[in-house]
Amino acid sequence: MSKFGLLMDHLNEAGIACSGNRFRPGRCRQEWLHAVHSPDYIERFRNNGLTSRELKRVNLPWSEGLVRRTLTSPAGTVLAAQLALHYGVACHQAGGTHHAQYDVAAGFCIINDLAVTSHVLLERNRLERILIFDCDVHQGDGTARLLADEPRAITCSIHCGRNFPFTKALSDVDVALPDGLEDDDYLNEVSNCLHAQLDRWQPDLVLYAAGVDIYAGDPLGRLGVSLEGIRQREALVLETLKQRGTPVATVIAGGYDDDRQALARRHAMVTEEAARLYAS
Ligand SMILES: [Zn+2]
């Protein structure tokens with residue numbers, strides 16, 4: 001959990017985040033959560049009423065702090081999406097909890113912020129189409145399931161085929177990559193897929209899950225992407241969207257390392273590239 005604070009510290013110290021461009025969401029509105037998740041499941045989580053089996057799937061110990069951040073983070077993704085429509089880009093320094101389903105938590109994910117945000121933006125901002133471009137190394141199975149019957153939200157997941165979740169869901173677009181894939185091949189896959197989906201769907205907004213667990217040194221990864229490769233991915237995704245004039249909200253999604261500072265620096269890359277590309 002410490003990576004979130006370290007990430008924000010890093011962006012503040014680098015001068016990328018400042019009082020003029022920093023926004024804080026309030027707690028997520030209950031009706032936004034209930035539009036996607038079981039009210040009973042959310043209440044039980046809030047009141048420490050999940051079964052030990054359910055908590056085991058979360059893989060995090062229950063605490064008041066976990067409840068606070070879990071019920072705030074989806075509002076951050078919604079806010080980032082709304083800011084992106086206004087400014088062209090916005091980066092949420094959390095989010096991307098893409099394994100969460102209607103009443104099932106999994107893999108550190110309890111509430112699915114990507115599905116919540118899609119729902120809110122389609123209804124409140126009357127968008128015609130949202131593309132969820134999920135580059136976390138693990139498939140966005142929860143998002144795919146939650147949005148399976150929502151044709152205006154396109155789910156696209158580029159992940160390591162042999163990694164968790166071992167039973168895959170059916171996204172609108174799935175790209176399953178082989179173990180050990182390195183920079184050039186990985187970046188080609190991302191670029192080809194992004195261009196194809198933008199051409200095909202012409203989305204009004206992209207939610208980009210910039211998981212850094214694609215890193216060769218990530219303990220939960222299995223791919224072979226270098227630090228420079230991560231930076232190149234962030235640049236290519238954001239540059240492509242900027243050139244097309246498609247607003248993009250980024251979320252950090254997954255990334256794991258005992259060295260929390262090094263991990264925070266990896267997660268910062270997407271925001272650093274956004275600052276570099278959009279500052280002018
Ligand atoms: Zn992941």
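Projecting the alpha carbon convex hull of segment 15-61 along each direction and taking the average yields 5.5 nm².
Grab the alpha carbons of segment 1-106, take their convex hull, and tell me the volume per residue in Å³. Value for segment 1-106: 110 Å³ per residue. Segment 249-265 and segment 73-143 have Cα centres spaced 17 Å apart. Using a probe of 1.4 angstrom and keeping all protein chains present, the accessible surface of the chain works out to 44 square angstrom per residue.
Per the Debye calculation on segment 233-280 with a single equal scatterer at every Cα and no solvent contribution, log₁₀ I(q)/I(0) for q = 0.20, 0.25, 0.30 Å⁻¹ amounts to -0.68, -0.92, -1.15.
Surface composition of the chain: carbon plus sulfur atoms hold 48% of the accessible area, using a 1.4 angstrom probe and ignoring ligands, DNA and RNA. Here the Karplus relation 6.51 cos²θ - 1.76 cosθ + 1.60, evaluated at θ = phi - 60°, turns the backbone of segment 21-38 into coupling constants of 10, 9, 10, 10, x, x, 5, 5, 5, 4, 5, 5, 5, 6, 6, 10, 10, 5 Hz, with x for every Gly and Pro. Normalising the Debye intensity of the chain to I(0), with uniform scatterers on Cα atoms only, and taking log10 at q = 0.10, 0.16, 0.17 Å⁻¹ returns -0.45, -1.30, -1.50. Reducing segment 44-61 and segment 184-232 to their Cα centroids gives an inter-centroid distance of 31 Å. Note on surface exposure: 1, 269, 8 rank 1, 8, 269 by accessible area, highest first, 1.4 Å probe.
Extension gain, residue 68-residue 22: 0.36 nm per intervening residue step, less the Cα-Cα distance, totals 14.6 nm. Sorting 104, 251 on solvent-accessible area from highest to lowest, probe radius 1.4 Å, gives 104, 251. Against the criterion of solvent-accessible heavy-atom surface with a 1.4 angstrom probe, 186, 215 sort, most first, into 215, 186.
The values are calculated or read from the model by the stated rules, or taken from the named source; none is laboratory data. Since we're looking at a predicted model, the values are computed, not measured. Surface areas here come from the heavy atoms of the whole protein model, side chains and all, with no ligands, DNA or RNA. Shrake-Rupley method; radii C 1.70, N 1.55, O 1.52, S 1.80 Å.
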